Structures are given as structure tokens and as C-alpha cells.
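Contents: one structure, followed by commentary.
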Amino acid sequence: MQRYVKFLLLILVFILILTISMYENLLFQKKDYVFGTIVDIKIYGESKKLASNASKEILSNFNKLHHMLHPWREGLVFEINEAIQNETPFFVEDEEVISLIRRGQEYENQTKGYFNPAIGKLVSLWGFHSEVPRKVMPDARSISKLVEAKPSMGNIKIINNILSSTNKFVKVDMGGYAKGYALDQAKNILEQYSINNALINIGGNILALGMQGNKEWVVGIQDPRNPNLMASLPLKPGWSIGTSGDYQDIFCCK
């Protein structure tokens, strides 16, 4: 009897190990650092080669967007902002960037100006266009000058790919919607690879496709005051979620 129990336990352990092994083989995960944050890609139920190729293409596209859209490092949007500041017309050959600028104009109109990607100079003044957080209050006159200038995406005109602005205080910063756009592009890439089950997380901006086997994808929401999870949330197929907190990019002044 004792020998039978030991044999049964060995079988159960073997099944458990086999199940864990199968789960690990079914779940592919790739992490990288893009857009100034951790990018986490999980793909379920595909071969390692297919999942790896899809992940590489997604990350390559993310890096391209990050370089192209960065508001204060050398890239296309940086060059556009320099031209606006110098009151010089700028030829924009890249239709994707033109589309994203027009999208920013639409968002500003839809929110009646509450979402304004043209206030990059003000964002920079508060120290958010820097790797080192600002520790001193910006000068009140400098703040007032930029606020009174009323930079708006509506100041930007694009005719025959020639971009100009009627307001030199406009500085385009797509940080408020670039990650969401990147997730849309990642979804398109996954569809091209016929991948139906994946979870992509760009620093709290998350897209869930399909499921993780027979269960929904589950994401954790971090407590901003300690490293523990504050909540976990199951995501139905096709759901997206965006989280934001005051524990990373912040300004503190005493």
C-alpha cells in the first residue's frame, strides 16, 4: 500500500512538472526599454520562432516611433519643433507623422482644449523634458508667458506637406497618445502574424488580445506608495487599459 502511494505521488509530481513545462513553452515573453519605460510583450500558444519574430518587429517599430516622435532628442518631431520656434516652414515627408499631428489636432478639438499636445514648452519648463527631475520652481513670469501665448495644435497648418505655425510658442509633445498609437501598430503586426492571444504592456498602457489559454489575461495595478499590488484586473479579449500615477515622473517642491 505504501509503495502504491509513493508511486501515485511520483505520477502526480511528474504531471505537475509536465504541466508547468507545457505552460512555459506556450507562453513567450519579451521585455525591452522603449518610450522611457519597460515594454513587456507576452504571446500565448505560438511557436517560439513565430512569437520571437513578431516581438522583434513590434519592438523595432516601437524604437522607430520613439526616435521619430521624441520631443527633445534628435528626430523628426524635434526638427519640426525647431522649425516652429524659428518661424520657418518645414517640409514633412513622413505621412505617418502628419497623420499623428492631425490626430493631435482632433484630440484637442474633441476635448475643447483640455488635451493639448502643443504645450511642450510648458512641459519642458516644469522639467519633464529631462532625464533629471527639476527641484526648483519655474519662474512665475516664464510660466505666465507660455500660458498667455496660448499654444494650440490649431496653430499648425500643413499644406502640401509644408508645415508651419502661426504661433512660435507651439512645441509638439505626443507623449499623451504616442503609446496608445504604438499599441495600435503592435496589434496590426500581431494580426499580420495571425497571432490571436497576446498581452502588450507599455509602462501601464496595456492591450489584451484573446486569452491566456482558457483564462483571461490578468494585470496588476501597483500601489504608488509601496511596491505591492493595489489590485489585479482581468481583461476581456480586445480590452485596453491605461494607468497613470504620481510616483515616477513627478515634480516636488518644498
Positions within the range 203-228 being outside any loop (DSSP other than H, G, I, E, B), at pLDDT 90 or above and out of contact with any Gly (no Cβ under 9 Å at 6 or more places or on another chain), in sequence order
LYS215, VAL218
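For (1) free of Cβ contacts under 8 Å to residues at least 24 places away in the same chain; (2) in contact with a Phe, Trp or Tyr (Cβ under 9 Å, 6 or more places away or on another chain), each residue gets a yes or a no:
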position	(1), (2)
LYS49	yes, no
LEU65	no, yes
ARG73	yes, no
ILE80	no, yes
ILE84	no, yes
GLU93	no, no
ILE98	no, no
ASN109	no, no
Among the residues of the range 123-171, which ones are touching a residue at least 40 places away in the same chain (Cβ under 8 Å) and outside any loop (DSSP other than H, G, I, E, B)?
VAL123, SER124, MET153, GLY154, ILE156, ILE158, ILE162, LEU163, SER164, SER165, LYS171
Any chance the range 110-120 includes a residue that's assigned to a strand (DSSP E or B), surrounded by 21 or more Cβ atoms within 10 Å (Cβ to Cβ) and assigned by TED's automatic domain parsing to the domain that holds ALA198?
no
Just checking, which of ILE158, ILE195, ILE221 is surrounded by 12 or more Cβ atoms within 10 Å (Cβ to Cβ) and within 27 Å of HIS70 (Cβ to Cβ)?
ILE158
Residue by residue through the range 57-101, note down the ones that are of a type in the set (D, E, K, R) and under 19 Å from the mean Cα position of the chain (by Cα).
GLU57, LYS64, ARG73, GLU96
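The values are calculated or read from the model by the stated rules, or taken from the named source; none is laboratory data. Because the structure is predicted, anything quoted here is derived from the model rather than measured. So basically every Cβ, Gly included, is an ideal-geometry build from the backbone, and we count neighbours across all protein chains shown.
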